[in-house]
Amino acid sequence: MDIKYSTAANHLGSSAVREILKVTQGNDIISLAGGLPGEDLFPLEAVRDAYNRVLSSDTSALQYGLTEGFTPLRDKIAERLTRQGIPVTASEMVLTTGSQQAIDLLCKILLDPGDAVFVEAPTYLAALQVLGSYRAAIHSIPNDEHGILPDQLEEQIRIHRPKLLYAVPTFNNPSGATWSKERREKVVEICRRYGVLILEDNPYGEITFDEDKTLYPPSLASIDRSFGGDHCVVYTGTFSKIVAPALRTGWIIGDSELIKTIAKAKQAADLHSSTIDQRALDELLLHFDIEQHIRLISREYHSRMKLLSAELRSHNWKGAHFLEPRGGMFLWLTLSEEINTKELLPLAVENGVAFVPGEVFYSAEPHKNKMRLNFTHTPPEQVPVAVQRLEKALVQWQQNQNIIRS
């Protein structure tokens, strides 16, 4: 049958990360590609106990639920966010199927084809997928190690009049960078002044490598709410990185009227996210010390990041450099300018290691000599082997280039 797809369907792109994961599934390949937390650190017993309590106490856990999400869980998330400096109530929140759905729902109610949206360079690949599916006009705003450049942001706002700025200001995916407090305040002030909505995506912000969290800048949502009045920051987070991805529970917060509209869009999409998963998470927050668990995984991920950093430095590849992130899950490696990491990837897979080429994280003018490396999932004992295999692939790529030139 010759199916006539919609224009929107024809704009759907596939995820480079998902395609790489397919290649590495079930093979003897060490994957530094996926944004996967460490399975050995999942709170398995606590999650099992939470589901057992839910299923043994109330059959309504298997029933349809509220579109906005299980109210006791929303209340607990609101309490945690308020302690983190984002005063919010359950009425300003919708629970979503991971934070990925939160991005999609906001775009669904906000964007028409051709609407301008601003992103960082580089930025989260799956967000670019969503924006592309709604046929947004995506513009990358220049940034440095402190975040988006305010002068460039204001100039581009005057030119393009965007509806939305999408940002991952804390432990960015893929770069691992964190915006400074001053840069955050300036960006929020500019967007409030011009009426530009900000979507702050914060899946990694609680995975901090310094236990003194006062050393980290406040969220954009916290800064926005400190100004009072209408909010310009919509904030999304998830349990995927701090508990387990399979629970597929995230949240989105914003002004009450915007949240009501998002709830309508969610009704049309899936009625509501999994009731039993939400109920289990509610039980988990009641009976499990999630703050201690976050400190545990943060310490372990810090150790794994340090191990990967040390292995990369020990090989001392010409032109290679990176900055150690202060938290999160990713290290952003820059190689010599002549190296194309997309071309390097097949050789790496042949040698038994995988990464994500840097160019897929750009909406335009991609940097071809960069790669994203995940340090949270790979067992520490495999990290030296992974870097050795990557070096073999680099040598082969350079040899191939010399053959082509000769």
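The values are calculated or read from the model by the stated rules, or taken from the named source; none is laboratory data. Being a predicted model, the structure only gives us computed values, none of them experimental. No Cβ is skipped: glycine too gets one built from the backbone with ideal geometry, and neighbour counts run over all protein chains shown. These area figures cover heavy atoms from the full protein model, side chains too; ligands, DNA and RNA do not enter into them. Shrake-Rupley method; radii C 1.70, N 1.55, O 1.52, S 1.80 Å.
What the table shows:
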{"read-out": "Efficiency of FRET between His146 and Met1 - r from beta-carbon atoms, R0 45 angstrom, step 0.05", "value": "0.25"}
{"read-out": "Mean Cα-pair separation over length for the chain, i.e. relative contact order, pairs under 8 Å, 6 or more apart, %", "value": "23"}
{"read-out": "Nonlocal amide H pairs with Leu323, under 5 Å, H built at 1.01 Å", "value": "Trp332"}
{"read-out": "Contour minus Cα-Cα distance for Phe42 and Arg161 (0.36 nm per residue)", "value": "38.5 nm"}
{"read-out": "Nearest 10 degrees, 0 to 90: helix 256-270 Cα axis against the chain principal axis", "value": "70"}
{"read-out": "Relative contact order %, the range 229-368, counting alpha carbon pairs below 8 Å whose residues are six or more apart", "value": "12"}
{"read-out": "Solvent-accessible surface ranking, highest first, for Arg83, Arg304, Arg389, Arg248 at 1.4 angstrom", "value": "Arg83, Arg248, Arg389, Arg304"}
{"read-out": "Solvent-accessible surface ranking, highest first, for Phe171, Phe42 at 1.4 angstrom", "value": "Phe42, Phe171"}
{"read-out": "Listed residue pairs exceeding 22 Å between alpha carbons, taken from Lys108/Lys264; Lys108/Lys186; Lys186/Lys260", "value": "Lys108/Lys186; Lys186/Lys260"}
{"read-out": "The chain - convex hull of alpha carbons, volume per residue in Å³", "value": "169"}
{"read-out": "Gap separating the Cα centres of the range 57-90 and the range 305-325, nearest whole Å", "value": "41"}
{"read-out": "For the range 220-329, diffusion coefficient by Stokes-Einstein and Kirkwood Rh (Cα), 20 °C, 1.002 mPa s, µm²/s", "value": "121"}
{"read-out": "Surface accessible to a 1.4 Å probe, Phe70 within the full protein complex, Å²", "value": "50"}
{"read-out": "For the range 394-402, 3J(HN,Hα) per residue [Karplus equation, 6.51 cos²θ - 1.76 cosθ + 1.60, θ = phi - 60°, Hz, x = Gly/Pro]", "value": "4, 4, 5, 4, 5, 5, 4, 5, 5"}
{"read-out": "His302 - accessible surface, heavy atoms, 1.4 Å probe, Å² rounded to 10", "value": "60"}
{"read-out": "Relative contact order (%) - criterion: Cα under 8 Å, at least six apart; region: the range 88-236", "value": "21"}
{"read-out": "Principal semi-axes in Å for the range 179-255 [√(5λ), Cα gyration tensor, largest first]", "value": "24, 17, 9"}
{"read-out": "Cα-based equivalent ellipsoid, the range 297-343: semi-axes from gyration tensor eigenvalues, Å", "value": "23, 12, 8"}
{"read-out": "Residue-by-residue Karplus 3J(HN,Hα) for the range 320-330, coefficients 6.51, -1.76, 1.60, Hz, glycine and proline x", "value": "7, 7, 6, 10, 6, x, 8, x, x, 9, 10"}
{"read-out": "Loop-located GluC sites (Glu not before Pro) in the range 54-150, at most 11 other Cβ atoms within 10 Å (DSSP)", "value": "Glu145"}
{"read-out": "Dipole magnitude (debye, nearest 20) for the chain, charges at Cβ of Lys, Arg, Asp, Glu", "value": "460"}
{"read-out": "FRET efficiency for Thr59 and His287, using Cβ-Cβ distance with R0 set to 25 Å, rounded to 0.05", "value": "0.75"}
